[in-house]
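Enquirer: Questions regarding the structure given below will be posed in turn.
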Amino acid sequence: MNITENPLWTGPPFQRKNDQGKVELMKERVNFSRNAEISLKNKNLQRNLDYSLTLSNKKRNELVETFPEWEEMRSHAAQLRTHVVENLEKYLREFSDNATQKGLQILWAKDATRACELIAGTLREHHVSRVVKSKSMLTEEIDLNNYLSKQGITPIETDLGEYIAQIASQKPSHITAPISHLSRQEVASIMSENLGIRYTEDPAELTSAARRILRSSFLSAEAGISGTNFGLAREGSLVVVENEGNARLSISLPPIHIAVMGIERVLPGLADLPLLLTLLTVSATGQRISNYVSIINSPSKQGEPDGPEKVFIVLVDNGRTEILRNVKYRPILNCIRCGACLNICPVYRKVGGHAYGSVYPGPLGAVLSPVLFSRTQYRDLPYASTLCGACTEVCPVKIPLHHLLLDLRADNVQSSARPTVERIMFSIFGLICSRPRLYRGLEKIIRCLQPLIRSRDGGLFIPGWSKTRYFPGLAPQSFHAQWQSEKMENNDISL
Amino acid sequence: MKAAAKISLFVPCLVDQFYPDIAKHVMAVLSSLGYSVEVPREQTCCGQPAFNAGYRTEASRLARHFIATFNRAECIVAPSGSCVSMVKNHYQKLDLARQDVEQWGKIRSTIHEFSDFLIKHHAESSMKGQFPFRVYYHASCHSLRELGIRNAGFKLLSRFEGIELIDATPALESCCGFGGIFSLHHPLLAEQLGIDKIRSVEFSPSTFLVVNDAGCLLHMTGVIKHLQSKIIPLHLASILALAMGLERNEYYGKPTLDRATLSAKE
Amino acid sequence: MTSHSDKELILTHIHEALTSNVKKECPANIVPFSRTVTVQYLTDCLATQCSLLKTHFTLSVTFAETIQAVVEELRRIAAPSIGIFLDHNHWPIRAESDFRTFFNEFEYSCFHPEETLEKTQRTESLSRLDVAITGVEALIAETGTVVLGANRADGRLGSLLVPRHWIIASETQIVATLEDIFPAKGFQIDLDKNSCLTLVSGPSRTADIEKQIVIGVHGPLEVRIFLFQSNPTAH
């Protein structure tokens with residue numbers, strides 16, 4: 001199947017190709033409803049998502065069962081992360097001072113542009129043109145690859161999923177499983193068309209081909225860019241977590257390592273790592289521990305046979321201090337980017353990540369995208385939820401995600417961002433329901449008017465509902481009407 | 001609880017307007033267990049639809065009204081996890097006067113979701129009956145997650161002779177797709193989630209789909225009829241009334257059970 | 001290019017955000033989480049975890065027997081090129097000469113902690129190896145993890161570039177849990193002397209394509225642990 005025929009690729013205007021032919025996100029309001037409809041019609045996508053996410057949840061649930069203390073672990077981690085965020089200045093200073101003392105160079109970036117400038121500047125300063133990159137949602141957030149390619153440097157994505165997305169010119173659709181929206185046939189097509197390898201649908205063969213092809217990129221790279229899962233304040237160290245080995249290679253082979261880190265990703269110290277690491281790997285991939293955990297303390301030391309000569313840490317704000325200002329939404333800064341909320345969300349599981357039109361999709365994105373990027377652009381996202389609460393239930397750091405969505409909806413009403421018709425309807429609703437006699441009086445009137453909106457199937461016609469479901473007519477008498485009639489007052493509840 | 005024995009019933013708006021039989025069934029069950037049930041006349045709505053849509057001013061109004069209506073109740077029972085969750089967990093976010101807040105504090109501890117109330121106060125022996133059918137029980141997301149009521153419905157239903165209950169698994173705990181205004185904003189998504197749920201009910205296979213919230217019931221019934229599925233959707237209160245022999249109405253009980261027997265044979 | 005101005009800007013913003021608003025309820029001090037779960041029978045636990053991770057595991061009594069096991073496996077795979085990264089701290093063998101009798105039928109290179117090859121040269125010779133035999137700082141029973149330090153003979157890349165990573169270690173190096181390897185518990189890994197500590201749990205893997213687990217991506221495709229039990233007899 002030709003990838004470009006996938007409607008999520010050519011159709012929806014939430015992604016488009018810029019003049020360099022690179023995919024970027026658009027600035028207009030994301031129309032989630034329309035995107036969701038497109039996703040629902042894409043049978044391939046539905047099948048891929050269902051298969052992939054059912055498996056993810058099964059693995060995670062089975063592993064969680066083996067931890068009798070799981071709830072205590074979550075509570076402790078929630079308190080720990082809240083404590084860090086509430087004392088963020090202290091921990092960031094500590095982290096920065098200790099890291100600097102160890103020889104790690106800290107670069108502070110107030111926003112995405114600055115972060116990209118600093119990274120590009122560092123690469124230029126060291127005459128770097130060949131860069132390898134391991135997975136980092138933050139680099140997606142600041143749109144680093146596009147910025148660097150305009151400067152003539154194209155970082156090569158080395159995480160298998162990100163690599164496949166890169167060569168297909170697609171954006172990742174999940175924060176830890178970037179190509180969960182693709183089937184093996186689609187991956188096989190992408191790789192054979194773009195890399196000139198033999199068409200095969202066997203994941204082992206495809207992976208082996210990627211290993212072979214990317215090895216030379218690693219060996220010839222002049223700099224490696226990685227994300228950071230945690231920064232340890234007391235030790236001034238970085239922690240990078242992965243399964244494939246591409247982060248270790250990006251960090252240790254080239255002479256320069258640049259780590260990108262959100263300012264909120266600090267932990268007090270190494271002693272807190274076991275808990276957060278376990279919560280992260282169990283929640284993200286249903287693994288007891290990920291394959292590789294690298295704790296980076298400094299550039300290569302005297303006497304060590306290898307390792308980078310210079311290590312830079314780019315600390316990125318890009319709107320996080322604004323979130324900090326708004327106490328209501330501070331809990332979202334506790335997030336450790338595990339993706340468990342995406343996996344469990346009934347809506348995400350049906351529409352996939354691209355429908356959210358944001359770097360951060362799913363329940364995490366429904367809260368983070370409006371508050372971090374733009375309330376207007378992402379105005380639809382807080383409503384992309386049934387409020388079932390499954391996200392809150394699985395969050396390893398107990399962020400009350402669905403409650404934050406309710407807060408965002410209330411904010412929309414406050415800022416008059418809702419349709420007038422809806423505002424009027426709810427005003428009327430509030431008026432009527434606070435006046436019992438009026439409410440009861442209107443009951444009879446509405447029942448007289450009911451025949452006007454009868455639908456063919458015998459029920460009522462309700463816009464938005466009746467296209468897909470039957471809606472029952474009102475009961476001939478409401479319960480209260482029956483109760484208040486004499487028969488009921490005598491406690492004769494004849495059934 | 002026996003000592004107090006007077007219950008104030010809160011009737012959720014969907015039950016009041018669309019499914020009044022559910023309220024009658026709740027009353028029948030509670031009466032048969034020896035309680036006297038009163039229905040405060042002034043009650044209207046807990047305010048959840050407004051709150052969920054972000055209209056906190058309107059929701060506050062309704063919350064104040066609810067508190068005023070129920071502030072003297074000894075024990076409030078509502079056949080809806082979402083209404084009880086609204087009162088217990090979200091009223092604190094609303095604009096309430098100080099005395100409202102105090103009264104709310106008391107209401108919080110006296111309001112119960114119907115299945116939760118029954119399981120906490122009634123030993124197995126007092127609720128007996130027959131229900132020889134296969135039942136798929138779907139606990140509403142609010143009762144599961146906001147109120148932590150995981151097994152109440154199961155335990156209640158398992159008391160009945162002959163009943164075959166489909167075991168609880170994580171898949172069973174997934175949302176039916178109603179989500180209040182969600183199903184109006186995103187009808188196709190809501191429909192798809194509903195279809196998934198109904199298909200898994202059919203696959204189990206079951207004759208009845210029992211839910212403990214009228215919102216889920218509204219949505220699931222809508223999907224069932226649209227799919228022309230043979231599944232019979234019922235509220236938990238109704239199935240309890242049927243099983244305990246409290247529902248004798250020839251327009252309700254007998255046809256329902258006849259239909260069930262027929263589809264079980266197929 | 002200085003980003004110092006951004007530093008103060010960001011920290012000032014944080015300061016303002018936190019002091020001008022209501023603080024969220026949280027503990028004033030944080031203590032590390034202490035689990036009540038205990039791990040017993042460390043070696044058995046490690047062996048079980050290894051099999052879950054697809055790490056091969058062999059337990060021998062003496063160091064000599066362990067080397068014998070290694071040699072047998074090398075013969076079986078007919079490995080053309082082997083790298084031995086001497087672990088002076090944990091192996092009873094000190095000099096390259098001690099290995100000669102065992103490995104003389106193979107083509108092998110020895111890497112010492114003290115020597116420093118020029119980096120590109122070293123990378124090239126590492127890339128040509130089929131098997132890297134290293135020691136470890138520690139093994140963690142609960143998760144099937146081995147702990148590697150950058151200041152060892154293998155450095156960061158010795159165990160990474162090769163397709164097969166084999167480990168020779170003493171049973172006394174096994175600790176129970178992740179918490180046990182960090183300085184707080186008194187274990188001997190000095191972070192200040194080590195630019196990078198790596199925790200390795202099994203051969204590299206991915207599930208990016210349709211969630212099917214594929215073993216062997218960018219890191220090694222195979223990990224084998226050869227443990228020796230008793231007090232090693234120096235050969």
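Enquirer: For each pair in A:LYS59/A:LYS150; A:LYS58/C:LYS7; B:LYS155/B:LYS225; B:LYS120/B:LYS225; A:LYS59/C:LYS119, compute the distance between the two Cα atoms and list the pairs where it is over 32 Å.
Expert: The answer is A:LYS59/A:LYS150; A:LYS58/C:LYS7; B:LYS120/B:LYS225; A:LYS59/C:LYS119.
Enquirer: Right, something else. Give me a comma-separated list of calculated 3J(HN,Hα) values for the range B:5-11, in order, Karplus coefficients 6.51, -1.76, 1.60 applied at θ = phi - 60°, integers in Hz, x for any Gly or Pro.
Expert: Result, ordered by residue: 6, 10, 10, 9, 8, 9, 9 Hz.
Enquirer: Continuing with the same structure: Among C:VAL223, C:ALA78, C:ILE213, whose Cα sits farthest toward the positive end of the charge dipole of chain C (+1 at Cβ of Lys/Arg, -1 at Cβ of Asp/Glu, about the Cα centre)?
Expert: C:ILE213
Enquirer: To continue, here is another question. Other chains' Cβ within 10 Å of C:122-128 residues: what's the mean?
Expert: Counting other chains' Cβ atoms within 10 Å and averaging over C:122-128 gives 2.
Enquirer: Within the set A:LYS398/B:LYS88; B:LYS230/C:LYS211; A:LYS398/C:LYS23; A:LYS350/B:LYS24, which residue pairs have Cα atoms separated by over 27 Å?
Expert: B:LYS230/C:LYS211; A:LYS350/B:LYS24
Enquirer: Can you tell me the Rg and Dmax of the range A:420-489, counting just the alpha carbons, in angstroms?
Expert: Cα only, the range A:420-489: 14.4, 43 Å (Rg, Dmax).
Enquirer: Which percentage, to the nearest 5, of the DSSP beta bridges contained in the protein assembly as shown is antiparallel?
Expert: 30
Enquirer: Can I ask one more? Between Rg and the Kirkwood Rh of the protein assembly as shown, both from Cα atoms, what is the Rg to Rh ratio?
Expert: Rg/Rh for the protein assembly as shown comes to 1.02.
Enquirer: Oh, and also: Rounded to whole Å and ordered largest first, report the semi-axes of the equivalent ellipsoid of the range A:306-405 derived from its Cα gyration tensor (root of 5λ).
Expert: 25, 17, 14
Enquirer: Along the three principal axes, how long is the range A:32-145 when you take its alpha carbons, biggest first, rounded to the nearest angstrom?
Expert: Computed over the Cα atoms, the extents are 48, 40, 28 Å.
Enquirer: Further question: For the range A:98-192, state what percent of all Cα-Cα pairs lands in each successive 10 Å bin, counting from 0 Å until the bin that includes the largest distance.
Expert: Final binned percentages: 14, 40, 31, 12, 3, 0.
Enquirer: Karplus couplings for the range B:106-120 from phi (6.51 cos²θ - 1.76 cosθ + 1.60, θ = phi - 60°), rounded to Hz, Gly and Pro as x?
Expert: The phi angles translate into 6, 4, 3, 8, 10, 8, 9, 6, 3, 5, 4, 4, 4, 5, 6 Hz.
Enquirer: Amide H to amide H, which residues 5 or more places from A:ILE225 or on other chains are under 5 Å from it, using H placed in the peptide plane?
Expert: Under 5 Å from the amide H of A:ILE225: A:VAL132, A:LYS133, A:SER134, A:ILE258.
Enquirer: Another one. Can you check how the C-alpha radius of gyration of chain B compares to 2.2 N^0.38 Å, as a plain ratio?
Expert: That ratio works out to 0.99.
Enquirer: Summing -39500 (n - 2.57) over the DSSP H runs of n ≥ 4 in chain A and dividing by its residue number, what mean residue ellipticity at 222 nm do you reach, to the nearest 500 deg cm²/dmol?
Expert: Here the helix-only value at 222 nm equals -13500 deg cm²/dmol.
Enquirer: With the full set of protein chains in place, find how many percent of the accessible area of chain B is carbon and sulfur; take the probe as 1.4 Å.
Expert: The computed percentage sits at 51.
Enquirer: Tell me which of B:LEU240, B:THR221, B:GLY194 sits at the most positive position along the dipole axis of the range B:126-265, charges placed on C-beta atoms (Lys, Arg +1; Asp, Glu -1).
Expert: Positive-end residue among those listed: B:LEU240.
Enquirer: For the range A:250-406, what is the charge dipole size about the Cα centre, in debye to the nearest 20, if Lys and Arg each add +1 at the Cβ and Asp and Glu each add -1 at the Cβ?
Expert: That gives a dipole near 460 debye.
Enquirer: A further question on this structure: Under the definition of partner shielding as Cβ atoms of other protein chains within 10 Å of a residue Cβ, what is the mean value for peptide A:471-480?
Expert: What the average comes to for A:471-480 is 6.
Enquirer: Give me, ordered by chain and number, the residues 5 or more places off A:GLN105 or on other chains with an amide H under 5 Å from its own placed amide H.
Expert: Placed amide hydrogens put A:VAL311, A:PHE312, A:ILE313 under 5 Å from A:GLN105.
Enquirer: On to the next question. Rounding to the nearest 20 debye, state how big the charge dipole of the protein assembly as shown is about its Cα centre with +1 on each Lys and Arg Cβ and -1 on each Asp and Glu Cβ.
Expert: Magnitude of the dipole: close to 3340 debye.
Enquirer: Separate question: Among all helices in chain A defined by DSSP H, which have a length of 18 Å or more along the axis from Cα atoms plus a Kyte-Doolittle mean of at least -1.0?
Expert: Membrane-span-like by this criterion, though nothing is claimed about a membrane: A:70-86, A:112-125, A:203-220, A:401-414, A:420-433, A:436-449.
Enquirer: Write down the Å³ per residue value for the convex hull defined by the alpha carbon atoms of the range A:399-440.
Expert: 87
Enquirer: Could you rank the peptides A:261-272, A:147-158 by their average count of other C-beta atoms within 10 Å per residue, with the highest value first?
Expert: A:261-272, A:147-158
Enquirer: Considering only protein heavy atoms and a probe of 1.4 Å, how much of the accessible area of the range C:1-70 is carbon and sulfur, as a whole percent?
Expert: Carbon with sulfur: 57 percent of the solvent-accessible area.
Enquirer: While we're on this one: For the range B:6-118, compute Rh as the Kirkwood radius over C-alpha pairs and then the Stokes-Einstein diffusion coefficient at 10 °C and 1.306 mPa s; write the answer in µm²/s, rounded to an integer.
Expert: Translational D for this selection: 113 µm²/s.
Enquirer: Additional query: So what J values fall out for the range C:74-89 if you push phi through Karplus, 6.51 cos²θ - 1.76 cosθ + 1.60 with θ = phi - 60°, rounded to Hz, Gly and Pro as x?
Expert: Result, rounded to whole Hz: 4, 5, 4, 8, 6, 5, x, 9, 10, x, 10, 9, 4, 10, 5, 6.
Enquirer: Provide the per residue accessible area, probe 1.4 Å, for the protein assembly as shown, rounded to a whole number of square angstrom.
Expert: 38
Enquirer: Cα convex hull of chain A: mean projected area in nm², to one decimal?
Expert: 29.0
Enquirer: Now for a different question. Counting helices only, and only those DSSP H runs with n ≥ 4, report the 222 nm mean residue ellipticity of chain C as the sum of -39,500 (n - 2.57) divided by its residues, in deg cm²/dmol to the nearest 500.
Expert: Calculated from helices alone, the mean residue ellipticity at 222 nm is -8000 deg cm²/dmol.
Enquirer: Looking only at Cα atoms, what is the convex hull volume of the range A:87-318 per residue, in Å³?
Expert: Value for the range A:87-318: 128 Å³ per residue.
Enquirer: How many angstrom lie between the C-alpha centres of the range B:33-77 and the range B:143-158?
Expert: 22
Enquirer: Order these peptides, C:69-76, A:99-106, A:326-333, by their mean beta-carbon neighbour count within 10 angstrom, highest first.
Expert: Descending packing order for the listed peptides: A:326-333, A:99-106, C:69-76.
Enquirer: Hey, another quick one. Highest GNM mean-square fluctuation, chain C, Cα pairs closer than 10 Å: which of C:ILE209, C:ILE82, C:ILE174?
Expert: Highest fluctuation of the listed residues: C:ILE209.
Enquirer: Shape call for the range C:36-234 from the C-alpha gyration tensor, a ≥ b ≥ c root eigenvalues: rounded (a/c under 1.5), prolate (a/b greater than b/c) or oblate?
Expert: Judged from the Cα gyration tensor, the range C:36-234 comes out rounded (a/c under 1.5).
Enquirer: Under a cut-off of 14 Å between alpha-carbon atoms, report the aspartates and glutamates in cross-link reach of A:LYS43, not counting same-chain residues fewer than 8 places apart.
Expert: Within reach: A:GLU5, A:GLU186.
Enquirer: Using a 10 angstrom cutoff on alpha carbons, build the Gaussian network for chain C and name the most mobile of C:LEU139, C:LEU46, C:LEU18.
Expert: C:LEU18
Enquirer: Kirkwood Rh and Cα-based Rg: tell me the resulting Rg over Rh for the range B:126-265, rounded to two decimals.
Expert: Expressed as Rg/Rh, it is 0.95.
Enquirer: Then there's this: Could you run the Debye sum over the Cα atoms of the range C:11-130, one equal point scatterer each and no solvent, and tell me log10 of I(q)/I(0) at q = 0.10, 0.11, 0.18, 0.22 Å⁻¹, two decimals?
Expert: Computed log10 I(q)/I(0) values: -0.60, -0.65, -1.15, -1.39.
Enquirer: To continue, here is another question. Peptides B:222-229, A:79-86: what's the order by average Cβ count within 10 Å, highest mean first?
Expert: So the peptides B:222-229, A:79-86, ranked by packing, come out A:79-86, B:222-229.
Enquirer: Once the dipole of the range C:1-151 is set up with Lys and Arg at +1 and Asp and Glu at -1 on Cβ about the Cα centre, which of C:VAL147, C:SER97, C:VAL39 lies farthest towards its positive end?
Expert: So the residue we want is C:VAL39.
Enquirer: Whose amide H sits under 5 Å from the amide H of A:VAL266, counting only residues 5 or more places off or on another chain, with H placed in the peptide plane?
Expert: For A:VAL266, whose amide H was placed from the backbone, the distant partners under 5 Å are A:GLY231.
Enquirer: Could I ask something else about it? Using only atoms on other chains, find how many Cβ atoms lie within 10 Å of each Cβ of peptide A:183-194 and report the average.
Expert: Across A:183-194, the average partner-chain Cβ count within 10 Å equals 1.
Enquirer: Can you give the calculated 222 nm mean residue ellipticity of chain B, where each DSSP H run of n ≥ 4 adds -39,500 (n - 2.57) and the sum is split over every residue, rounded to the nearest 500 deg cm²/dmol?
Expert: -13500 deg cm²/dmol
Enquirer: Further question: Given contacts defined as C-alpha pairs under 8 Å and at least six residues apart, what's the relative contact order of chain A, whole-number percent?
Expert: With pairs under 8 Å counted, the relative contact order is 18 percent.
Enquirer: If you roll a 1.4 angstrom probe over the protein chains with everything in place, what fraction of the accessible area of chain A belongs to carbon and sulfur, to the nearest %?
Expert: Result for chain A: 52 percent of the exposed heavy-atom area is carbon or sulfur.
Enquirer: Compute for chains C and A the buried accessible surface, both sides summed, probe 1.4 Å, and express it in Å² to the nearest 100.
Expert: Using a 1.4 Å probe, the pair buries roughly 8100 Å².
The values are calculated or read from the model by the stated rules, or taken from the named source; none is laboratory data. Since the model is a prediction, treat every value here as computed from it, not as a measurement. For neighbour counting, all protein chains shown are included, and Cβ atoms are generated from backbone atoms with ideal geometry for every residue, glycine included. Surface areas here come from the heavy atoms of the whole protein model, side chains and all, with no ligands, DNA or RNA. Shrake-Rupley method; radii C 1.70, N 1.55, O 1.52, S 1.80 Å.
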